[in-house]
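Report on one structure; see the data block that follows.
The values are calculated or read from the model by the stated rules, or taken from the named source; none is laboratory data. Because the structure is predicted, anything quoted here is derived from the model rather than measured. Neighbour counts run over all protein chains shown; Cβ positions are idealised from the backbone, glycine included.
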Amino acid sequence: MNITLKVNFSRCTVALLKLGAHALTSIIVAAYAVALSGVAIAQQVPQKAEAGPGTAVVAPGVRQTRLHVDEIPPGTYEIITKETLVRYGVDHMGFSEFWGTFPGATGTLAFDPKAPGTTKLDVKVPIALVETTNRELNGELFSDEFFDAENYPWMTFTSTNVVRTGPTSFKVTGNLTMHNVTKPIVLDVTFHGAGNDPFSGKGIIVGFDAKGMVKRSDFGLGKYVPIVSDATTITISAEFKKKAIDHS
């Protein structure tokens, strides 16, 4: 808000000469008060906020689409690493469930909704990125007391069988390898959503959630059992993007 004061100085000069000192002082004080009130009013006027660096901006003309699981184009999809997270959970001394996370997953998903039995999933997760709320525990998990990440830097999963169990659910059996031990596990997988990239409008993104359970002692990670539970839940939230050039 801009405030402009227009003054006819020729007339004011004559008028001021006819006024006494007290009157002149009063006019100056009043003019100063008006100026301050104008500033105060301007500060109270709501200003239009501009988009900051963290504001989501959708490309002009982009129309977001959503696909049902049966509408997903068949092909090979790559994990979107920054949007995928593997979480484990254990019972901590019977008082709480303690969680840790493994970011940094990479891998591929070959998927055809009309032939779910041909689905192939291969995933690698770096052990070194394990994260908990306890920095001391992070170091312990990385060390040879647990995962021994220097010698066994990766946790891997390769599917061996996929069965569709409902409109949006699947049972995925595969081999989990960590700490140089490989064991079969079963993941209950739920389709979360699919569609084009809402920011660019390009490419197809699909998302799945998965849950499973292992006994950590089966993988040579039994320290603190049974004070901290042997049964360990695995929870996965994963996003995949269709490869631009697909030769599958």
### Message
Can you report the number of residues in the stretch 161-178 which are over 18 Å from Gly107 (Cα atoms) and buried (at least 19 other Cβ atoms within 10 Å of the Cβ)?
### Response
1
### Task
Mind listing whichever residues of the stretch 175-206 are within 20 Å of Gly75 (Cα to Cα) and of a type outside the set (A, V, I, L, M, F, W, C)?
Thr190, His192, Gly193, Gly195, Asn196, Asp197, Gly201, Lys202, Gly203
### Query
Looking at the stretch 188-200, is at least one residue over 21 Å from the mean Cα position of the chain (by Cα) and either under 18 Å from Val130 (Cβ atoms) or exposed (fewer than 13 other Cβ atoms within 10 Å of the Cβ) (or both)?
no
### Message
Need a quick list: strands (runs of 3 or more DSSP E) entirely within the stretch 88-159 having at least 1 residues that are aliphatic (A, V, I, L, M), in contact (Cβ under 8 Å) with a residue 40 or more places away in the chain and closer than 23 Å to Ile205 by Cβ.
### Response
106-111, 120-126
### Message
For the structure I just gave you, tell me whether Ile204 is assigned by TED's automatic domain parsing to the domain that holds Glu78 and closer than 22 Å to Lys82 by Cβ.
### Response
yes
